[in-house]
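The values are calculated or read from the model by the stated rules, or taken from the named source; none is laboratory data. All values reported here derive from a predicted model rather than from experimental measurement. Every residue, glycine as well, gets a Cβ built from its backbone with ideal geometry; the counts of neighbours run over all protein chains shown.
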Amino acid sequence: MNAHQPFQGIKNVLVVFSSRAQAFDEASLMSLIQHAYPGAKVSFVSTSGQVIGKKSSSRVDLVIDFTQPGARQSLLFAFKMRKKARFAIGRKAGIYFRSKLYDRVYDDKNDSTKPKDYLDGECWAQRKVLELAGVPVIRQGGVTPDRSKDIALELRR
């Protein structure tokens with residue numbers, strides 16, 4: 001088994017978008033997931049269960065659930081996702097039985113390295129969920145200071 005691919009035979013992936021903030025758009029998520037699981041078909045739903053884009057099949061191999069703690073969601077939504085998928089990855093969204101239903105769960109509250117800023121924290125948590133699903137996400141560095149004038153002056157010497 002590949003270190004970046006903890007699940008074998010993934011052909012259909014269903015992604016549940018967060019209702020409050022989304023760090024990745026459909027195209028980037030599709031690219032990341034298809035890079036990790038070549039040939040996989042990726043479909044998307046909202047936390048309310050509404051289909052975004054193309055409809056998924058009734059059975060999928062992997063569910064990646066970005067639903068955050070405190071989000072409005074049907075009580076049975078996690079059960080539906082678990083029943084639909086061979087593997088389910090998600091966040092501990094305040095529902096005590098989600099950690100028992102899903103194969104891997106990221107717990108926001110017990111992660112001391114998560115940034116305190118809401119949007120940065122949401123990006124962090126969604127990257128962690130993707131990592132649990134075997135989808136590597138490389139954090140892009142920040143913008144460095146413009147040194148073009150300094151470099152030009154150094155070359156003149």
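Does any residue of the stretch 64-82 turn out to be without any contact (Cβ under 8 Å) to a residue 40 or more places away in the chain and on the phi > 0 side of the Ramachandran plot? The answer is yes, given that some residue of the stretch 64-82 is without any contact (Cβ under 8 Å) to a residue 40 or more places away in the chain and on the phi > 0 side of the Ramachandran plot. State whether one or more residues within the stretch 43-52 are part of a loop (DSSP other than H, G, I, E, B), out of contact with any His (no Cβ under 7 Å at 6 or more places or on another chain), over 14 Å from Q126 (Cα atoms) and not polar (S, T, N, Q). Yes.
All told, R82 falls short of being basic (K, R), in contact with a Ser or Thr (Cβ under 8 Å, 6 or more places away or on another chain), under 17 Å from S46 (Cα atoms) and surrounded by 15 or more Cβ atoms within 10 Å (Cβ to Cβ). Residues being over 21 Å from R98 (Cβ atoms) and modelled with pLDDT of 90 or more are represented in the stretch 12-20 by at least one member. Each residue in the stretch 107-146 was checked for being closer than 23 Å to P38 by Cα, charged (D, E, K, R) and at pLDDT below 85, and 1 of them qualify. Counting just the residues of the stretch 9-42 that are part of a loop (DSSP other than H, G, I, E, B) and without any contact (Cβ under 8 Å) to a residue 40 or more places away in the chain, which one comes out surrounded by the most Cβ atoms within 10 Å (Cβ to Cβ)? Per the stated criteria, the residue is A40.
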